[in-house]
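Written below as structure tokens is the structure these notes are about.
The values are calculated or read from the model by the stated rules, or taken from the named source; none is laboratory data. These numbers come from a predicted model, not from an experiment. Neighbour counts are summed over all protein chains in view; Cβ atoms, including those assigned to glycine, are modelled from backbone coordinates with ideal geometry. Only protein heavy atoms, including side chains, enter the accessible area calculation; ligands, DNA and RNA are left aside. Shrake-Rupley method; radii C 1.70, N 1.55, O 1.52, S 1.80 Å.
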Amino acid sequence: MNNSPIGVFDSGVGGLTVVREIMRELPDESIVYFGDTARVPYGSKSRETVTTFSKQIIRFLKTKDVKAIVIACNTASAFALHEVAKNADIPIIGVIEPGARTANNVTENGRVGIIATEGTVKSGTYEKVLKKINPNLKVFLKACPLFVPLVEEGWRYDSVTYEVADRYLNDIMTYDIDTLVLGCTHYPLIRRTIQKVVGDGVTLVNPAYETAKKLGRVLDENNLRAEGSVPVYRFYVSDSVKRFSSFAESILPCDIGHVECVNMEQYN
């Protein structure tokens, strides 16, 4: 079982930031990644829809004999994690709790900003988790819905992205935050732009990195860590293979090889 792969999924390409951190943190682990590129973005969809999509994807990943699953999507973590994890026979983790814990650890003035999709912001999950960790924190949320399509379009370093970030982040900076959580897995891909807008006085928290660290602990707790194996990486999408492949090659430290398109209707 230890050499079985880790399943990772996201609404599109953003979850590749989590995959990148898992590759770095857990180099012996094999990975099966699914990007739901036909139905991106999740951030504007209902809880019921995102939960349905998540259940379909988990059924697919389990056909690949995964030993654990990472929901590498903040919206799906907010909407579906509790539902899909409560009766699961393998560990399933999300990206919200690891990022929230780190934000609490690094803030000095107790004023934490969260930028995320509309769905994640409306769910209130980040605020609930942060308040549970530390009731004294002041939490400020800002939806940044245009960041996902800008990243998916490949405009990570475009002036348009800077202008959009400047407009979004001016609001949240008025609250004197000293810590900002990148509450969508797409957002680390424009980290430099975000840091430039908020300035060096604000610490950016990347939940992708923190999730990879938590995954390592979960594997150890369940005696599932691979040791000395040669990792195998497999990638699946629900649409746009060529576009996904090009994007993945630009951010992952390996040749991703063949990408397969999957019809998710068969996993209803």
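Worth pointing out:
- Accessible-area composition of the chain, carbon plus sulfur, in percent [1.4 Å probe]: 46
- The mean sequence separation of alpha-carbon pairs under 8 Å and at least six residues apart, normalised by the residue count of the range 25-119, gives a relative contact order of 30 percent.
- Size-normalised alpha-carbon gyration radius of the range 48-89, reference 2.2 N^0.38 Å: 1.06
- Greater than 26 Å apart at Cα, pairs in 86/131; 86/242; 55/138; 128/196: 86/242; 55/138; 128/196
- For the range 215-237 and the range 1-68, distance of Cα centres in Å: 13
- Computed over the range 24-132, the ratio Rg/Rh where both radii use C-alpha atoms and Rh is Kirkwood: 0.98
- Accessible surface calculations at 1.4 Å, restricted to protein heavy atoms, place the chain at 44 Å² per residue.
- Label point at residue 105 placed 7 Å out along Cα→Cβ; residues across the range 208-241 whose backbone nitrogen lies under 17 Å: 208-221
- Under a Gaussian network description of the chain, with springs only between Cα atoms under 10 Å, the residue in 228, 113, 183 that fluctuates furthest is 228.
- Qualifying trypsin sites (Lys or Arg not before Pro) in the range 17-85, where qualification requires a DSSP coil assignment and no more than 15 other C-beta atoms within 10 Å, comprise 64.
- Computed from the C-alpha gyration tensor, the three semi-axes of the ellipsoid equivalent to the chain are 28, 21, 18 Å, from longest to shortest.
- Value at 222 nm in deg cm²/dmol, rounded to 500, when DSSP H runs of n ≥ 4 in the chain each add -39,500 (n - 2.57): -13500 deg cm²/dmol
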